[in-house]
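K.L.:
So that we are looking at the same thing, I have put the structure below in structure tokens.
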Amino acid sequence: MRSTPARQLPPPGWTCRRTDPLTHWLLLSALACALVTSPVLAQDEGEIDEGVAAEPAAETTVPGEAEAGPESDAPPPVVLPPRVAPPPTAPARLLEPQPLGLVDIRGWSFTHIVHEGHHVYHQPTVRPDRLQRALIAISRAHAHAPSVLGVATPDVEYYLFPSQADMRRGLPVLARVPIQSALVVANGLAFQDAGHHHVTFLQAEAFDNELRGTWAVAHELTHHLQARLAGNKDYAQWFNEGIAEYVGSRVARQFHPDEHALDSFLEMGQIVNALRNRELPALGPLVTNAQWVAARRTNRSGLLYSTAWLTVEWLVSQRDPGGLTRTLAQVEQGRSFPEAFTEVFGVPLAELDAAFQAHVTAALTPGYPLGLNAFRDSAPTSGGIHFVFSLQPRERARVDVRSSQCRGGSTVTADAVGFAAYSFSAPAGCAGTYTITMTGSQGTSGTMQFTLT
Ligand SMILES: [Zn+2]
């Protein structure tokens, strides 16, 4: 899954200072900074799964991995894409059903519970609050993701580990995922064994952020839905991940509309700046899982998942959500993906990237002029104001924020696509009208006023 992902937000890293010397200022400024640097916006920055994984045999070379490109320091590609048939030697049931309660599975302890009809195996050391949020996310995903694609929810077993590190150690033991492939799984992995039983592995740290946790479970569930719709047949990996992100986003937005709106604002800012600086990845060539993984290694923007997501959003806006299902259904019936895609969406695959980039230029770029852009220009003091800076790649910028009584500031550095994010919040006593000024080291600048209430 992603979850991630993939919003590479530089930490604000700002400092707080106030002009009037209240005796409790140090405490308040520490609180304000803590608010600003809270993980609300923090995207899972780890590596991400690659869709439903069919079970590899322990000693079998994984098809596709050999194509993944030259050796590098980056981890090798993760497990199989959905359309690769399990090897004939694989057991029909990778993980046998267990009694309720504490069970031992190949040396790993789990507590087996049934949550709303779903079998959930969580390690006893999973923090209770994270377990609770994971169960809520599972409920939400099953209640809403299937309807987006118009397909019935499948039975999925869930295995929940306390941390990403635990999950990465457990996947080779429990799912026979090659060790090197397990090392790139971030928050979860959708898995299908030879008997077509659906299993999702998750790590509990992902649920510290409810938006991200819901998104992650819905993303993985969508991979299971896609595998059913397409009958495990071949189609483009960018489409596979784009649909999973699209559905994950739709489900997460239902429950966290404000956070989702901010998240989208940030994602779109990254996409616009990536296109502006010629770093937006091209999706059309990313057909196989190996090509997708290789692109993750080489693309500096870190925006593969975001680009796939927003491309699918745009495709749906051109037609309707049913177009996704119709395309997969045609693939299941034996049509090639390029034929099915072009017929449903009216865009030849060869023109996909140019058409999406034209959409970004026309619809999104006007909202992100070079310099300083705000999510909103008014907010409560505790919630803070969120800005994105459209800079030159790696440009550093000095930020100065001040009202008649309070001030703050920081230095930020843009990423490879010229994007930087910055948040400002303040103690309640600092409500008022502010001016923010951004001065970049390569000449980019911006200023605007905002209000903290
Ligand atoms: Zn995925």
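K.L.:
Given region 148-260, report the % of alpha carbon pairs whose separation exceeds 17 Å.
P.N.:
Values: 3569 of 6328 pairs.
Summing the P(r) tail past 17 Å for region 148-260 gives 56 percent.
K.L.:
Could you check how many percent of all C-alpha pairs in region 359-444 are farther apart than 18 Å? Working shown, then result.
P.N.:
Values: 1629 of 3655 pairs.
Here the tail beyond 18 Å accounts for 45 percent of pairs.
K.L.:
Tell me, what is the FRET efficiency for VAL103 and ASP129 to the nearest 0.05, using R0 = 35 angstrom and their Cβ-Cβ distance as r? Numbers along the way, then the final one.
P.N.:
On the way: r = 23 Å, r/R0 = 0.66.
Efficiency computed from Cβ-Cβ geometry: 0.95.
K.L.:
If you don't mind, there's one more thing I want to ask. To check my understanding: the extent here is largest minus smallest coordinate of the Cα atoms along each principal axis. What are those three numbers for region 256-363, in Å, largest first?
P.N.:
Result, largest extent first: 38, 32, 26 Å.
K.L.:
From the phi of every residue in region 194-209, what ³J(HN,Hα) in whole Hz does the Karplus formula 6.51 cos²θ - 1.76 cosθ + 1.60 yield, where θ is phi - 60° and glycine or proline is x?
P.N.:
Result, rounded to whole Hz: 5, x, 6, 7, 9, 10, 10, 9, 9, 10, 5, 4, 4, 9, 5, 10.
K.L.:
How about region 251-294: which trypsin sites (Lys or Arg not before Pro) there lie in a loop by DSSP and see at most 16 other Cβ atoms within 10 Å? Before the final figure, lay out the partial values.
P.N.:
Working: sites: ARG253, ARG276, ARG278; in loops: ARG278.
Taking region 251-294 and a limit of 16 other Cβ atoms within 10 Å, the loop trypsin sites (Lys or Arg not before Pro) found are ARG278.
K.L.:
While we're here: In what sequence, highest mean first, do 318-331, 369-382 appear when ranked by Cβ atoms within 10 angstrom? Working shown, then result.
P.N.:
On the way: 318-331: 19.6, 369-382: 15.9.
Top to bottom by mean Cβ count within 10 Å: 318-331, 369-382.
K.L.:
Let me ask another. Using R₀ = 22 Å, calculate the FRET efficiency as 1/(1 + (r/R₀)^6) where r is the Cβ-Cβ separation of ARG376 and SER404; round to 0.05.
P.N.:
Details: r = 21 Å, r/R0 = 0.97.
E between ARG376 and SER404, to the nearest 0.05, is 0.55.
K.L.:
Calculate the tail of P(r) for region 53-359: the fraction of all Cα-Cα distances greater than 36 Å, expressed in %. If you can, show how the numbers build up before the last one.
P.N.:
Numbers: 5973 of 46971 pairs.
Result: 13 percent of Cα pairs exceed 36 Å.
Throughout, read-outs are computed from the coordinates displayed, never taken from laboratory work. Predicted model, so just to flag it, every value in this text is computed and none were measured. All Cβ positions, glycine included, derive from the backbone under ideal geometry; neighbour counts span all protein chains shown.
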